[in-house]
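Participant: I have a structure I would like to understand better, so I am pasting it below and will then ask my questions one at a time.
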């Protein structure tokens, strides 16, 4: 278990006054303090960790957010910002002495401007909600994390969320124009605007992906894009991981930029097929889903070329979707991958390292060896175009030893990712989950410099405490005793 | 004013000389080949450090779409290495040697430090979007890294973005790692004669809002009217097909024609050639939402005119005019009235030393900026005064 700092006794002692002060800022039912109603906020997508907060506030305006932050800053109260609570890294895990700031009531789409191809939305609008709002006019919001039905744009900004289509469309950071940002002092600041590349320091860039360490985002100006004329997928299966990796290299090397290029290993193919009956080849060691865009002739041409390339690697199965429905069927298994693994094992950890794509065969071989030595099953899905690997480690949550083994297995995978030239997290964020692995990737000096930048925004270290940076080096937590969350 | 230029040959040498400068209370001007020395404010430094001694591609894996190079590597060297594998730098950085009268080519470190992108920015992102990793020396002489050599990375704070576009004021960039992509096999352009700038912007917006993956959208004013250019880049079959569809769609805005092999046109736009600025004129870049661009041009024409070139669908307005404080104030007023931003891009030293070359930040952000600067460069010895007084 990853240790959390002990709560501040003086804050716990003032709980009643703090709740009263918050109720004065947010009238009505926007402040939650009863134990039963705090329960839904005690965890997020990393459900192995649970800790009810001191209170939850559900502001409905930027002004309320600013007033709450100003109060918390003045009174030394920690704040944990939260969107939909889908973080897989424990990014929204509360502390016992922290106020959770849930932004789900700020869920209005304020402006849609097709001429300038942008939308201004509040932080609590869901990722898919933006696309749903503009798709009738042929537009979409590009980043598409798997949780897009539930996850909120404010959380996407804070975690710099990705998705399956990053190779062509980039991640959240590449699809933003501006933010309404509230500092811990309660100052409301407009970052960027409705134009590209504001001169000066790239605040938009440093805030995006900062995991709630620097301030709270209440409104986001996103770029919306016109969708292509169409898109279609194909499936290619191979009898070895190495060969599938070579096929990926050959596709990229040919000059084609597929809009998605997904890789699944044998356990993942089997889990998905049992779940979705998508027609995946069960005798394959590795399978690729490749999607291209354009009109029907363009799709045919690109898929034809890719098919030719794949044929050079003796595929055991090649299936080009002839229709949009067949395309959906190919995707169906992949999109349900997490659910499919959940059916085999109710508890699994979803890891998220990135590796140089050329290292894939070596990394999967090593993961297989680790799986055997830990005695835990693992299924791998991989955004092969951008090197983002998602091993799903299956364990039994009712067995503490099994959970510990899964955590250690996961840590070993992430260390391996760094070892081969990659990183700890490609899109899920560090959160609580990977906090103590940060020294694997960064030197003490690099960590201290990032900590100091955090301190430049949040001098008292009140924002989303105990995440991202290992506790022992932090100016605030180094001397505070730690305890376990669960 | 600069007594000498030091050309360190290694990252360690950069670190040592920053430490020495800090000890002696010296201020350093940081540059690559100095091709954009005349950009923004004059640096208040006693010595100049050129990264041109740190050269060479250190890693290039075409199938992983990643290239790393030391900061002083000339851009053409990187472009040539990529071209051998049919790839390119996605953001299409400009060659401003003509604009700035530079004799040596830009370096990759300089392009990243200034976050300069070409016409493809509108479709594929800016330089800052493709900096996957960075190595740098901060103002304390400490070597640090951010990011890495993979395409997707959210580990820790993204200092790659903080350093990109910080004009050398937060750290001396020593090496960068970029995401690259396959270069298109063909370039086609649909050109539309329009009667007004408003019509031109409408045409560009319609093109960018079409499903045909437009990768360049520029407007070249000619008298009262203009020519709007929309670029399609892809495999040649796709370019031919989409240019045809786009031309049919654009006919409602004016006479539309298709040009193939139009790379030279876009290279010119990238380097602001059609602006036609004379050596004496000052140059500004105004960033606005595209629909506001005609208003910016109209406002400036009303107070004495100027030359204009619109890129990024109208979101980037290049302005050339008499290098005077009055002209600068007119540009500032027009940009702010359009809720946009501005940069005094090129001007004689007297002008750029006496006016705000970028908009001021609101007090809350300015305070954070001071604290961030104090973290990265506590003695304020890196490119002092480059962006703003104290920055």
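Participant: Do you know which residues across region A:150-167 are more than 19 Å from residue A:103 (Cα to Cα) and more than 9 Å from chain B (Cβ to nearest Cβ)?
Facilitator: If the condition is that a residue be more than 19 Å from residue A:103 (Cα to Cα) and more than 9 Å from chain B (Cβ to nearest Cβ), then A:163, A:164, A:165 are the ones that fit.
Participant: Residue by residue through region B:97-120, note down the ones that are farther than 14 Å from residue B:131 by Cα and either surrounded by 24 or more Cβ atoms within 10 Å (Cβ to Cβ) or within 14 Å of chain A (Cβ to nearest Cβ) (or both). It would help to see each step written out before you state the result.
Facilitator: Keep residues of region B:97-120 that are farther than 14 Å from residue B:131 by Cα, which gives B:97-107, B:118-120.
Residues satisfying the conditions are B:106, B:107, B:118, B:119, B:120.
Participant: Please find, among B:286, B:331, the residue that is modelled with pLDDT of 95 or more, in a helix (DSSP H, G or I) and within 14 Å of another protein chain (Cβ to nearest Cβ).
Facilitator: B:331 is the lone residue from the list that is modelled with pLDDT of 95 or more, in a helix (DSSP H, G or I) and within 14 Å of another protein chain (Cβ to nearest Cβ).
Participant: Something else now. Failed condition for residue A:292, given (1) within 19 Å of residue B:237 (Cβ to Cβ); (2) over 32 Å from the mean Cα position of the chain (by Cα), with all others met?
Facilitator: (2)
Participant: Taking residue B:69 as meeting all but one of (1) part of a loop (DSSP other than H, G, I, E, B); (2) in contact with a helix residue (DSSP H, G or I) (Cβ under 9 Å, 6 or more places away or on another chain); (3) more than 14 Å from chain A (Cβ to nearest Cβ), write down the number of the exception.
Facilitator: Failed condition: (1).
Participant: Return the residues of region B:130-147 that are surrounded by fewer than 24 Cβ atoms within 10 Å (Cβ to Cβ) and facing chain A (nearest Cβ under 9 Å); say none if nothing qualifies.
Facilitator: Selection gives B:138, B:142, B:143, B:144, B:145, B:147.
Participant: Restricting to region A:170-187, and then to whatever is within 8 Å of chain B (Cβ to nearest Cβ) and not in a loop (DSSP other than H, G, I, E, B), can you tell me which residue is nearest to residue A:82 (Cα to Cα)?
Facilitator: Residue satisfying both the conditions and the ranking: A:173.
Participant: Okay, next question. List the number of the failed condition for residue B:58; all other conditions in (1) at pLDDT 95 or above; (2) touching a helix residue (DSSP H, G or I) at 6+ places or on another chain (Cβ under 9 Å); (3) within 14 Å of another protein chain (Cβ to nearest Cβ) hold.
Facilitator: Condition not satisfied by residue B:58: (2).
Residues checked against (1) buried (at least 18 other Cβ atoms within 10 Å of the Cβ); (2) touching a strand residue (DSSP E or B) at 6+ places or on another chain (Cβ under 6 Å):
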site: A:370; (1), (2): yes, no
site: A:373; (1), (2): no, no
site: A:389; (1), (2): yes, yes
site: A:426; (1), (2): yes, yes
site: A:453; (1), (2): yes, no
site: A:462; (1), (2): yes, yes
site: A:466; (1), (2): yes, yes
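Participant: Determine if region B:256-277 includes at least one residue that is within 11 Å of chain A (Cβ to nearest Cβ), crowded, with 19+ Cβ neighbours inside 10 Å and farther than 22 Å from residue A:195 by Cβ. First the steps, then the outcome.
Facilitator: Of the residues in region B:256-277, the ones within 11 Å of chain A (Cβ to nearest Cβ) are none.
Within region B:256-277, not a single residue is within 11 Å of chain A (Cβ to nearest Cβ), crowded, with 19+ Cβ neighbours inside 10 Å and farther than 22 Å from residue A:195 by Cβ.
Participant: From B:256, B:251, B:298, which residue is more than 20 Å from residue B:120 (Cβ to Cβ), modelled with pLDDT of 95 or more and touching a strand residue (DSSP E or B) at 6+ places or on another chain (Cβ under 6 Å)?
Facilitator: B:256
Participant: Filtering region A:428-446 down to residues that are out of contact with any helix residue (DSSP H, G or I) (no Cβ under 8 Å at 6 or more places or on another chain) and facing chain B (nearest Cβ under 7 Å), which residue is surrounded by the most Cβ atoms within 10 Å (Cβ to Cβ)?
Facilitator: It comes out as A:446.
Participant: List every residue pair whose Cβ atoms sit under 6 Å apart, with the two residues 6 or more apart in sequence or on different chains, where the first one lies in region A:133-146 and is on the phi > 0 side of the Ramachandran plot and the second, anywhere, is buried (at least 19 other Cβ atoms within 10 Å of the Cβ).
Facilitator: A:138/A:226
The values are calculated or read from the model by the stated rules, or taken from the named source; none is laboratory data. Predicted model only: the values in this text are computed from it and were never measured. Note that we place each Cβ from the backbone using ideal geometry, even for glycine, and neighbour counts take in every protein chain shown.
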